[in-house]
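A short write-up of the structure that comes next.
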Amino acid sequence: MLLRGLTWLVLFQLLGTAINHLFVPILPGPIIGLVLLLIFLMVRGEVGEPLSEAASSLLRYLPLLLVPPAVGVMVYAADIVADFWAIAGALVLSLILAMAFCGVLMQKMIARQARREDRP
């Protein structure tokens, strides 16, 4: 089951990479693959057991992905300090935009759920 789920994940990543090389060179291939996987799961309406098992097993190793950025912050600390205000401004602006987007999206999802519950 784990192999089947990993195969689905790799196939969507490869499909995203192919679309990246052929049509959309601006977006990274894995991001395109994740969007395609999201669309596939939304159309399907559920996450299958193999895919769920594969994702769960990969999530255990997620903290390992945080080690290289932490090392990068330590190595380039002087450059980060030099551009501190630009970095801080970009972070605050992106935080505000992300929170506004999440708030609007949550309101739409609540309204959608209320419409579903009102239907007989």
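The values are calculated or read from the model by the stated rules, or taken from the named source; none is laboratory data. Source: prediction; values computed, not measured. Every residue, glycine among them, receives a Cβ derived from its backbone with ideal geometry; neighbour counts consider all protein chains shown. Ligands, DNA and RNA are excluded from the accessible area calculation, which covers all protein heavy atoms including side chains. Shrake-Rupley method; radii C 1.70, N 1.55, O 1.52, S 1.80 Å.
Averaging Cα coordinates gives a centre for region 82-118 and one for region 1-24; these two points are 28 Å apart. For region 9-120, with all protein chains in place and a probe radius of 1.4 Å, 75% of the accessible heavy-atom surface sits on carbon or sulfur. Taking Cα atoms only, the orientation of helix 49-59 departs from the longest principal axis of the chain by about 10 degrees. Projecting the Cα positions of Phe40, Leu51, Ile80 onto the charge dipole of the chain (unit charges on Cβ atoms of Lys, Arg, Asp and Glu, taken about the Cα centre) puts Phe40 furthest along the positive direction. Radius of gyration (Cα atoms) of the chain, expressed as a multiple of 2.2 N^0.38 Å: 1.43.
You can think of it this way: the chain between Arg60 and Val35 has 6.8 nm of extra reach, that is 0.36 nm per residue less the Cα-Cα gap. Ranked from largest to smallest solvent-accessible area, with a 1.4 Å probe on the protein heavy atoms, Val43, Val73 come out as Val43, Val73.
Computed from point charges on the beta carbon alone (+1 for Lys and Arg, -1 for Asp and Glu), the dipole magnitude for the chain about its Cα centre is near 440 Debye.
What percent does the relative contact order of the chain come to when contacts are Cα pairs within less than 8 Å and at least six residues apart? Relative contact order for the chain comes out at 22 percent.
In terms of overall dimensions, the C-alpha atoms belonging to region 16-78 reach 48, 32, 15 Å along their principal axes, ordered largest to smallest.
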